[in-house]
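Below you'll find the structure, written out as structure tokens, and then a few comments.
The values are calculated or read from the model by the stated rules, or taken from the named source; none is laboratory data. Keep in mind it's a predicted model, so treat the numbers as computed, not measured. Every residue, glycine among them, receives a Cβ derived from its backbone with ideal geometry; neighbour counts consider all protein chains shown.
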Amino acid sequence: MNKVSSLKMPASDTPTPLLDVDGVSLEYRTPKRLVRATHRVSFAVHEADRFVLLGASGCGKSTLLKAAAGFIQPVEGEIRLDGQRVARPGPDRIVVFQEFDQLPPWKTVKENVIFPLLASRTLGRREAAERALHYLDKVGLSRFADAYPHTLSGGMKQRVAIARALAMQPRILLMDEPFAALDALTRRKMQEELLALWEEVRFTLLFVTHSIEEALIVGNRIGILSPHPGRVRAEINSHEFSLQSQGGTEFQLATQRIHRLLFDEEYPVSRQAEPARKIA
Ligand SMILES: Nc1ncnc2c1ncn2[C@@H]1O[C@H](COP(=O)(O)OP(=O)(O)O)[C@@H](O)[C@H]1O
Ligand SMILES: [Mg+2]
């Protein structure tokens, strides 16, 4: 950029977000009724963000993630990736789900990671195998490359799902409560590993959870959603929290404040539309 055009840029100009969720309402039409899952939700995810959507069960988190993945279309508003409207699923957005059965059981761990690379014609067989092993190594599963999913623990299956997703080198990784079905200790370990992986690879993450603690640990920013239908109540910075800060005074205070934002019935409806309230 030359000097003249840079001078023309207004001071408030921020770079175009990687993922721009802009006034998005999502609905399900059932034979009997229309269910509004989210109402005019807006947030922006920037390159290398770990953006967490936090909200109670049923507030539309999974629906938002499915819309970002391109599986469903908004009835109002728009979702853009790199400025382009998201109209369909694509290899630039990969989802990791909560369920342990997201890996076809008849394929080995390595074949599970290779398959999407071949199916999307991202790589040829040899390069795909190399890349699969590279990412299996990153999640500590090199030794299990030839094992079948049923021989793995829940945590290991989630590691395979994460390796498979990262191997696609998506523009954004979408994770829907990926650790919610794990026991507490494994869950903690997986959060730690995910953060270590992020330090190394610096992928962009949109992560959904109903756990305040998990949101504070995993996220650098948190979008707090109201109960059904989901609206953005507040957006907070949480980059100063990590697994180490859990249990500390600041962490507990932030947890309490978020809890109030999530569940306080007295929270005035008119303020729910406020774009961003920095509280942590
Ligand atoms: N396929 C569907 N058909 C009709 N309603 C649905 C469907 N999936 C989800 N819903 C409804 O949409 C709302 C949001 O669901 P969901 O996105 O799964 O919430 P969350 O992931 O936050 O728990 C809920 O009220 C849920 O019952
Ligand atoms: Mg869900």
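Where residues in the range 245-264 are touching a helix residue (DSSP H, G or I) at 6+ places or on another chain (Cβ under 8 Å) and either part of a loop (DSSP other than H, G, I, E, B) or among the β-branched types (V, I, T) (or both), which of them is farthest from H39 (Cα to Cα)?
The residue in question is Q246.
Residues G70, G90, G60, G55: which one is within 16 Å of ligand 1 (Cβ to nearest atom), small (G, A, S) and without any contact (Cβ under 8 Å) to a residue 24 or more places away in the chain?
Of the residues listed, the single one that is within 16 Å of ligand 1 (Cβ to nearest atom), small (G, A, S) and without any contact (Cβ under 8 Å) to a residue 24 or more places away in the chain is G70.
I'd like to check something: does the range 65-79 contain any residue that is among the charged types (D, E, K, R), more than 26 Å from L152 (Cβ to Cβ) and not assigned by TED's automatic domain parsing to the domain that holds R260?
no
Condition test on R88, is it charged (D, E, K, R) and farther than 30 Å from F144 by Cβ?
Yes: the conditions hold for R88.
Do any helices (runs of 4 or more DSSP H) lying entirely in the range 130-244 carry at least 1 residues that are away from ligand 1 (no atom under 16 Å from the Cβ) and among the basic types (K, R), and which ones are they?
By residue number, 154-167, 184-201.
When the residues of the range 98-121 are narrowed to those that are in a loop (DSSP other than H, G, I, E, B) and in contact with a Pro (Cβ under 7 Å, 6 or more places away or on another chain), which ends up surrounded by the most Cβ atoms within 10 Å (Cβ to Cβ)?
Top of the filtered list is L103.
Just to be sure before I move on: is Q102 in contact with an Asp or Glu (Cβ under 9 Å, 6 or more places away or on another chain) and at pLDDT below 95 in the structure I sent?
So Q102 fails the test.
Against the conditions (1) hydrophobic (A, V, I, L, M, F, W, C); (2) over 18 Å from M175 (Cβ atoms); (3) in contact with a helix residue (DSSP H, G or I) (Cβ under 6 Å, 6 or more places away or on another chain), where does A87 fall short? Just the number, please.
Unmet condition: (3).
Looking only at residues in the range 47-92 that are under 16 Å from L19 (Cβ atoms) and part of a helix (DSSP H, G or I), which one is nearest to ligand 2 (Cβ to nearest atom)?
By that ranking, first place goes to K61.
Could you tell me which of the residues V4, V86 is more than 30 Å from M156 (Cβ to Cβ) and modelled with pLDDT under 95?
Being more than 30 Å from M156 (Cβ to Cβ) and modelled with pLDDT under 95 holds for just one of V4, V86, which is V4.
Looking at the structure I just gave you, is K32 farther than 25 Å from Q158 by Cβ, part of a loop (DSSP other than H, G, I, E, B) and more than 17 Å from the chain's Cα centre (by Cα)?
The answer is yes for K32.
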